[in-house]
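Presented below is the structure to which this report refers.
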Amino acid sequence: MQSKMTSLHVSDQEAQHSCFQKWMELQQQDLLELIHGLHNSSSPSSSSTSSTNDFKLKQLIQKSIEHFQDYIDKRKNFARSDVTAYLAPVWCTSLESSMLWISGCRPSSFIRLIYAISGKELESHLSNCLRGNMSWSLTSGNLELSTVQMNLVDELQRKTIRQENQLSNKLASLQEELADHPFAIIANEVENHGEISREAEKALDKHAKCLMNVVEEADKSRMETLKELVMNILSPLQAVEFLVASKKLHLCINAWGKTRDHQHGRNGETAERNTCSTLS
């Protein structure tokens, strides 16, 4: 019976890890398609009209959104039976784990990335001007935000940070409850610390359900923020530029995390975990 239970847990871990691995591989595929789309839209030899280019770019944007939503939906199905695994995922590198906020990135990180990219372009353009290169056009930067766009991004950032603070407070409350009744009373009454009584199971299941609600709200905020940026605020060309930067950042952090784990001798731990949950 114990062997059967262990086999089921290993199977769950393999499926969870495989879900993440496929998502990372899809990120790489999407990145290549987005870069190709950017190249085609800016190619001097392209005979496509502006409206045709925008349509093709919008298709790429929609595809990336659908892939993200599909990953969220698949992960949600796994998390409903094992939500704590997604708050401390063994399939992530130590670097990735250190950056997690309720099982993923902060929604506001999308907005910070927009500011970082647009700021870098503006800095480059200003540098050109200071060097006397007055032939540069103020509209040449794809991530050069207009005043209207800046106002919309700023408004979205305030809204998103409010949501993050509310969810962070909810998670903090759930963590604090572990030292409160009924957990404290149940733990104080057991003789064997590894024992999980029916009362403890019931309390932990209720706790996991509350955690799942917070994770789902966080995923909803991530998706809503991303959609608002790439579908309502940014132009198609700007949105694709942003998605390219976002996916490059995601993939780089994953690769950097693997390298740093190797540097600190954590490869053995990762390999051991991966035998039970066979990333990219």
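Residue check, residue 215 against (1) farther than 20 Å from residue 234 by Cβ; (2) surrounded by fewer than 14 Cβ atoms within 10 Å (Cβ to Cβ), all met but one. Which one?
With respect to (1) farther than 20 Å from residue 234 by Cβ; (2) surrounded by fewer than 14 Cβ atoms within 10 Å (Cβ to Cβ), residue 215 is out only on (2).
Among the residues of region 65-79, is there at least one that is open to solvent by 80 Å² or more (accessible area, probe 1.4 Å) and more than 25 Å from residue 234 (Cβ to Cβ)?
Yes, region 65-79 contains at least one residue that is open to solvent by 80 Å² or more (accessible area, probe 1.4 Å) and more than 25 Å from residue 234 (Cβ to Cβ).
Restricting attention to region 162-184, and to residues there that are among the aliphatic types (A, V, I, L, M) and either touching a Leu at 6+ places or on another chain (Cβ under 7 Å) or farther than 18 Å from residue 216 by Cβ (or both), which single residue is least open to solvent (accessible area, probe 1.4 Å)? Please lay out each step first, then the result.
Taking region 162-184 first, the residues among the aliphatic types (A, V, I, L, M) are 167, 171-172, 174, 178-179, 184.
Checking the rest, the ones that are also either touching a Leu at 6+ places or on another chain (Cβ under 7 Å) or farther than 18 Å from residue 216 by Cβ (or both) come to 174, 178-179, 184.
Details: 174: 14, 178: 88, 179: 80, 184: 42 Å².
For region 162-184, the residue satisfying everything is 174.
Can you report the number of residues in region 140-167 which are under 18 Å from residue 213 (Cβ atoms) and in contact with a Phe, Trp or Tyr (Cβ under 8 Å, 6 or more places away or on another chain)?
Number satisfying all stated conditions: 1.
The values are calculated or read from the model by the stated rules, or taken from the named source; none is laboratory data. Just so you know, these numbers come straight off a predicted model, no measurement behind them. Every residue, glycine among them, receives a Cβ derived from its backbone with ideal geometry; neighbour counts consider all protein chains shown. Heavy atoms of the whole protein, side chains included, go into the accessibility calculation; ligands, DNA and RNA do not. Shrake-Rupley method; radii C 1.70, N 1.55, O 1.52, S 1.80 Å.
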